[in-house]
1. Determine whether the range 390-398 contains at least one residue that is in contact with a strand residue (DSSP E or B) (Cβ under 9 Å, 6 or more places away or on another chain), at pLDDT 90 or above, crowded, with 19+ Cβ neighbours inside 10 Å and within 23 Å of PRO180 (Cβ to Cβ).
2. Keeping to the range 568-578, report how many residues are closer than 15 Å to LEU530 by Cβ and assigned to a helix (DSSP H, G or I).
3. Within the range 657-709, which residues are aromatic (Phe, Trp, Tyr) and either at pLDDT 80 or above or crowded, with 18+ Cβ neighbours inside 10 Å (or both)?
4. Say we look at the range 1-36 and pick out the residues that are among the aliphatic types (A, V, I, L, M) and touching a helix residue (DSSP H, G or I) at 6+ places or on another chain (Cβ under 6 Å); which of these is farthest from ALA328 (Cα to Cα)?
5. When the residues of the range 148-171 are filtered to those that are within 23 Å of LEU70 (Cα to Cα) and part of a loop (DSSP other than H, G, I, E, B), which remaining residue is farthest from the chain's Cα centre (by Cα)?
6. Show the residue pairs meeting these rules: Cβ distance below 9 Å; 6+ apart or different chains; first residue within the range 15-26 and aliphatic (A, V, I, L, M); second residue in a loop (DSSP other than H, G, I, E, B).
7. Which of the residues belonging to the range 225-238 are crowded, with 18+ Cβ neighbours inside 10 Å and out of contact with any helix residue (DSSP H, G or I) (no Cβ under 7 Å at 6 or more places or on another chain)?
8. Take the residues in the range 332-386 that are farther than 21 Å from VAL478 by Cβ and basic (Lys, Arg), then tell me which one is surrounded by the fewest Cβ atoms within 10 Å (Cβ to Cβ).
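The values are calculated or read from the model by the stated rules, or taken from the named source; none is laboratory data. Just so it is clear, the structure is predicted and the values come from calculations on it, not from any experiment. Cβ placement follows ideal geometry from the backbone for every residue including glycine, while neighbour counts extend to all protein chains displayed.
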Amino acid sequence: MKKPQTNELLKQYFGYDDFRNGQSEVIEHILKGTDVLAIMPTGAGKSICYQIPALVLEGVTIVISPLISLMKDQVDTLRETGIKAVFINSSLSLTEFRNVVANAKMGMYKLIYVAPERLETDSFLELIQSIKVSMVAVDEAHCVSQWGHDFRPSYKNIPKMLEKLPQRPVVAAFTATATPQVKDDIIKLLKLNGPFSLTTGFDRENLYFEVLKPEDKFDQLLRYLSNVRGKSGIIYASTRKTVGSICEKLNKKGHLATRYHAGLTENERSNNQEDFIRDRIPLMVATNAFGMGIDKSNISFVIHYNMPKNMESYYQEAGRAGRDGERAECKLFYSAADIITNKLFIENGNDDRDKTGEYQKLNEIVTYCNTDRCLRAYILDYFGEKDTTPHCGNCGNCNNDIERTDVTLEAQKIMSCIKRMGERFGSVVVADVLRGSNTEKIRTMGFDKLTTYGVMREYSKDTIKELISFLIAEGYIVLYGDQYPVLRLSGMALGVLKGSEIVTIKRVINKQSTVFDEKTTIDNGLFDILKVIRKGLADKQNVPPFVVFSDATLKDMCKRYPTTDETMMAVSGVGAFKLEKYGEQFVSAIKSYIEEHSIEIDEQVHSKSKTGTAAKSKKTKTNKSKIDTRMATYKLYKIGQSIDEIADERGLSTNTIEGHLLDCLEKGMQVDFESLFPKEFEAQILEAIKSIEDGKLKAIKEALPEEVTYGAIRFVIYKNKV
């Protein structure tokens, strides 16, 4: 068919006057009988590239599509334009399937959409052998590759299906995201014959990219949504539970939202998707199960509440914004917890294939989240585009107006430490050595004798880890290994170590204050006594001392001299749970120490908030009796009340109730903690405990989904004797 005729079909059925970039070339080669591989970004009009030829060619075009919802949307859209199309998948009843087969044999369809799993069934093979198949279009072709981000083994059956046809049709494969390796896999595994290959470019100029590292993700989300009210957007989260939690909290805060994940019934998923597509509900909170092929053009923003496990997934999901060509925003909320969650997903995969490639892809998106480079340039380089512009002017990094800070000295210290530690450890241990942490592991390994031990005491551990992540992103440090990678220096590090290269960063890097005045001086005599008490309690429970109280908490006790429950609660690191569990022993010791040494206590400081400072002047006496409330909690638990119900009835926090029940468990009472905490989080909690070298509960909690409580962490520690 001549080009003017394809243009007429484009106008007649789709209402467009001209083809977009790349569409005309793809259509031309298909009509010549040439196999095609087209890599075109989301919104570039891939479907028209096979739908127009389907109208021209004799017979039927088989479209292999991975999602039932995607098939339905595309078939409905085609029918609305007057094109005869149908789908075959598990949603059809036996009667409906037989009707489709009968109509197909009578030549009533130009396009038949089918799920890849259907290709192996006798009924489908019998159908395609009895009709003229002129073209096979493979949508989301990256699914055939193990290096792709949505690997579907059933895609590998496409060549077998082609062999069973009386005559091989032209094959056209389409995808939005494919690295050079995935591209080669598609050609090889689908057995494309001398294909015409087209990549129209991955750049979506109307999309604004930004990576944020909020302390409170939900608070950050609320602030953003308050500025985009009425606009349509998708919020992606990594787990079904997080999706449900976000959706529920958003609706309570007055933001109309719905949800989508594989755990919902097909009817609920369908209804929720329809509400979103038809603009009845502006916000969709979803796992990655949502969105592939969704034809909604007015999505103004896509927020990733959690980091996806690879760049392909991220760019495909982010690319669902701005399909109407209007400016749209793609924001990624990054945290260390996302790395642990994704490692768990990789390890718990349903197959035994080598996972090295998946870990490599995970490291690459972590690098994206930590680079100072133009984010658009990083994405385009990742997908193999050449001659990218180093400054796009439309991403968070390019628009960052923070002045560059010279961190050459810090980089030299980090690199030197990695080298002196034999390039055999990860960022957590390296950061601990640089900060001068006095842990048993560091002493045993002799790292406290290194010249780099404690050379970055003025920085927090998180800041040092952020600097390490930045140096990885910029190529000075390389990660080696899969699940627990170690740090090694790249060739680029040599120039920095020799002082011939300067390293700068566009972030505010804060040092910790190391100034102490007389009011913050601790009582070392009391400190030694409290450490002995702490060790005794820890040994009884077979846990490390820090699980009872950290050194920082003991030092705060030595500044405040708390002698009541109220003043003990003012100590940093003492909550209701630990007050109930350990308060009496420490208060008693502190009272005895005060009397023996005739210490006078400043009443104002004694009861000051946790941000206060210490001084000594006026003696205070208290004889408040302590009532063990654990049995009251246990009795309510035994009659079947949940933790929330017990907390509500007793007017205590859920954290305190969890502490009561764990205490009862340790005393030999019957407590079924398996029923109190979600079983699915146990492996993730264990992974976090192993990953956090210093073992601090707060650090472990911050590395886990928000729905994991301190009680759940303590129970897993108790159960597994970690």
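1. Among the residues of the range 390-398, at least one is in contact with a strand residue (DSSP E or B) (Cβ under 9 Å, 6 or more places away or on another chain), at pLDDT 90 or above, crowded, with 19+ Cβ neighbours inside 10 Å and within 23 Å of PRO180 (Cβ to Cβ), which makes the answer yes.
2. Looking only at that region, the number is 2.
3. Within the range 657-709, PHE677, PHE681 meet the criteria.
4. So the residue we want is MET1.
5. ARG152
6. VAL26/MET40
7. Scanning the range 225-238 gives LEU225, SER232, GLY233, ILE234.
8. For the range 332-386, the residue satisfying everything is LYS386.
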